[in-house]
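Take a look at the structure set out below.
We did not get these values from a lab; they are worked out from the coordinates using the rules stated. Keep in mind it's a predicted model, so treat the numbers as computed, not measured. Note that we place each Cβ from the backbone using ideal geometry, even for glycine, and neighbour counts take in every protein chain shown.
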Amino acid sequence: MFKHILVPMDGSKLAEAALPAARFMAEKLQAQVTLFHVVEKDAPSQVHGQKHLTGPEEAQAYLQEVAHTWFQGIPKVECHVHETETELVSDSIVAHAAELGHDLVVMCSHGRGKAFHLLFGSIAQKVIAGGTLPVLITHPDEHGEPPPFCCCQILLPLDTDPEHEKGLSVVKSVARICNADLHITTVIPTYESLPPDEKVSARTLPATAARMLDLEARDASEHLDGVVRDLVAEGIHASAHVLRGAPAETIARAAEEAKIDLMVLPTHGKTGMAAFWTGSVAHGICSRSKCPLLLVPISDPTVS
């Protein structure tokens, strides 16, 4: 399980929304924490409307203050400032994580919708796409403050790709350590909620298409029941849910209604992340939900 957590910080209060999750995971997993800042070349004086760290001495003092405030009682907390100025912050984060053996990155996004795209399109997206590490993404509350973080209810959306079930080992470990309830969900579209391109091809035989989707939902339910039986046999509180509708909207709504604390989304690394940002279900979920997200590359050795 995760033993060394990297927490990139830029000095802004909004970025500090990642700290409750980092503290929680470090305490539960007895993990080491590295607070990390990259000195940007020609750094702006403000970031997200707040003062930006512009020099190594200021950054080191800030990280030490964060360590003292947020990580009292955590045995191993390090503060590291990458002093060589760089224009590619994301590349530096990925390289540092690989060099020092971090196995989880905890970051913050600063909103959703268009604002979410702006940040995810810059640093966090590139960190996810550029490495093989799981990345935990959190969000500030409505006042821009760090929200409390817990992990009592976990949602794992699965599609019909068996490769995505490789992420189960990470989910099982987190659920077991946190004594959390694990909800595994598959969403099968209705005929009405099919994407436009698929609906066009199914329009000639709508009744047949609807029937095929019903059969797919039945098969998914039988499959998930088997997955849940195995999890329960391992002592994990698990349940299965097959929902109908547009996948991204349905999953985001289900997470809100069930008061999910953490959603786990398996990804396919670089190839998968390219799809992630061009209209995939995962992207749609991220645009609609403020639930913390744990993005797990299924090619990562942690989950093999």
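Other residues lying with their Cβ under 10 Å from the Cβ of HIS37 contribute a combined charge of -4, Lys and Arg counting +1, Asp and Glu -1.
As a proxy for reagent exposure, ranking HIS68, HIS237, HIS183 by other Cβ atoms within 10 Å from fewest up yields HIS68, HIS237, HIS183. Centre-to-centre, using Cα atoms only, region 60-87 and region 149-189 are separated by 31 Å. Relative to the current alpha-carbon distance between SER239 and HIS80, full extension at 0.36 nm per residue lengthens the span by 53.1 nm.
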